[in-house]
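The values are calculated or read from the model by the stated rules, or taken from the named source; none is laboratory data. Predicted model only: the values in this text are computed from it and were never measured. Don't worry about glycine lacking a Cβ; one is built from the backbone with ideal geometry, like all the others, and counts go over all protein chains shown. Side chains included, ligands, DNA and RNA excluded: accessible areas come from the protein's heavy atoms. Shrake-Rupley method; radii C 1.70, N 1.55, O 1.52, S 1.80 Å.
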Amino acid sequence: MLNSLPKRPPDKIIKLIQEFRDDPRDRKLDLGVGVYRDASGITPIMRAVKTAEKRLWETESTKTYTGMVGEAAFRHAMVRLVLGRNAPFDRIASASAPGGTGAIHQGLELVKEGSPNARIWVPDPSWPNHRSMAAHLGFDVEFYRYFDFENRNADFDGMCEDLSGVSRGDVVILHGCCHNPTGADLNRGQWFKLADLLLEREAVALVDIAYQGFGDGLDEDATGVRHLASRLPEMLVAASCSKNFGIYRERTGVLLAMSEQASVAGSVQGTLTHLNRQNFSFPPDHGSRLVTMVLEDGELRSEWEAELAEIRDNLRMLRSMLASELHQRTGSDRFGFVAEHRGMFSLMGASPEQVNAIREKFGIYMVGDGRVNVAGLSKDTVPMLADALVSAGI
Ligand SMILES: Cc1ncc(COP(=O)(O)O)c(C=O)c1O
């Protein structure tokens, strides 16, 4: 059996990490892997998380199994964080999952149960797992235009035109904020129009929110998802705690499933419990306990919000510095989008050849589509990237 398995190409990001490690040059820069780095280049454990971890160590008296869909306190705290205090709590079923990826997977599994013939609409471009996970589960995948490569904004007209082909019950994957890989988000008015369109097409939104707090603020970044929740009868939300709590390896995420009537939420909850059981039984617990403590304890919460604000400020500072360095070198405003984008990523519009040339000449590693992780930069290395982009003719 094992002999007959097809050879799979290595994951692009994992390959890039290895190539970066193998590069013997001292002056090199990893802008590929999607983790936050502070000014000293490390991915820190957030102070509030470290304190919560210490408290947990002191107070936790057992490691016996917990709930099949995780702890209710975690799931409820996450509903409040993502959908706000006015969320329709009685219509929401939820399940903890291994990271945002696990939550998306469980969301797609739920679609498989309820609407097996649904097509899954994925933004083009998007985080590659969206397409691959939907295809892996046997769904037909459709793409909708998302990015205007000319102006480096969301291509809202193209998006609406493509989404007018959505059929009743199809699922549309949306990025809640800080779009990966482009960095271009929808504005408030566009979210409002999108809600109308999804309602008209009777589509189900699956909102992937993995960077809440990295854009404009915790509430601001949830504007779109909260608006959809207030308008649509049904919706799925996959929220990741990996980035905004800095607990990547703890695998912490949650799937929220909002049904049309409160009377249905119980059976949705039953299906989510069943699906967790079939895939992994109990979800990871450690990270979700830390998140609950941080969200529920006033002192830890303020500390965490302050740390998130530091991350946002750092990303904004790096963005505006890069935009201005590029402006100085080119005398043109065409890189103004770098300062406008939100979150960790921006798509620079580089061809694979340009990406390779930048890697060879400057030791700067970015993903093949020209996605730059702004958090991989520092005040010292921004000029290096600006030089490289200009020299590659971007
Ligand atoms: C858009 C998006 N969704 C989901 C995830 C999943 O994150 P995790 O599974 O690590 O929580 C990521 C991680 O890179 C992402 O960029």
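Structural remarks
- Unmet requirement for residue 139, which otherwise passes all of (1) farther than 28 Å from residue 257 by Cα; (2) among the aromatic types (Phe, Trp, Tyr); (3) more than 16 Å from the ligand (Cβ to nearest atom): (1)
- Yes/no for residue 73 being in contact (Cβ under 8 Å) with a residue 12 or more places away in the chain, within 16 Å of the ligand (Cβ to nearest atom) and either open to solvent by less than 60 Å² (accessible area, probe 1.4 Å) or part of a helix (DSSP H, G or I) (or both): no
- Restricting attention to the stretch 146-162, the residues being in contact (Cβ under 8 Å) with a residue 60 or more places away in the chain and closer than 21 Å to residue 201 by Cα number 0.
- Checked against the criteria, residue 330 does not count as closer than 29 Å to residue 245 by Cβ and surrounded by fewer than 16 Cβ atoms within 10 Å (Cβ to Cβ).
- In the stretch 125-136, the residues that are closer than 14 Å to residue 208 by Cβ and without any contact (Cβ under 8 Å) to a residue 24 or more places away in the chain form Cβ pairs under 6 Å with partners that are more than 10 Å from the ligand (Cβ to nearest atom) and open to solvent by less than 70 Å² (accessible area, probe 1.4 Å), at six or more places apart or across chains, as follows: 131/122; 131/141.
- Checked against (1) within 16 Å of the ligand (Cβ to nearest atom); (2) within 19 Å of residue 337 (Cα to Cα); (3) not β-branched (Val, Ile, Thr), residue 131 passes all but a single condition, namely (2).
- The criterion of at least 3 residues that are under 17 Å from residue 34 (Cβ atoms) is met, among helices (runs of 4 or more DSSP H) falling completely within the stretch 294-394, by 298-330.
- Per the conditions (1) closer than 20 Å to residue 259 by Cβ; (2) in contact with a strand residue (DSSP E or B) (Cβ under 7 Å, 6 or more places away or on another chain); (3) without any contact (Cβ under 8 Å) to a residue 24 or more places away in the chain, the sole criterion not satisfied by residue 198 is (3).
- Taking each residue of the stretch 82-103 that is open to solvent by less than 10 Å² (accessible area, probe 1.4 Å) and aliphatic (A, V, I, L, M) and looking for partners that are within 13 Å of the ligand (Cβ to nearest atom) and assigned to a loop (DSSP other than H, G, I, E, B) with beta-carbon atoms closer than 6 Å, six or more apart or interchain, yields 97/283.
- Positions within the stretch 341-358 being open to solvent by 30 Å² or more (accessible area, probe 1.4 Å) and in contact (Cβ under 8 Å) with a residue 60 or more places away in the chain, in sequence order: 342, 349
- Only a single criterion out of (1) farther than 19 Å from residue 120 by Cα; (2) open to solvent by 10 Å² or more (accessible area, probe 1.4 Å); (3) within 16 Å of the ligand (Cβ to nearest atom) is not satisfied by residue 245, namely (2).
- Of the residues 80, 168, 91, the single one that is away from the ligand (no atom under 15 Å from the Cβ), within 30 Å of residue 247 (Cα to Cα) and more than 21 Å from the chain's Cα centre (by Cα) is 91.
- Within the stretch 18-63, tally of residues that are within 28 Å of the chain's Cα centre (by Cα), hydroxyl-bearing (Ser, Thr, Tyr) and surrounded by fewer than 18 Cβ atoms within 10 Å (Cβ to Cβ): 2
- Residue under evaluation residue 122, criteria (1) open to solvent by less than 40 Å² (accessible area, probe 1.4 Å); (2) assigned to a loop (DSSP other than H, G, I, E, B), criterion not met: (2)
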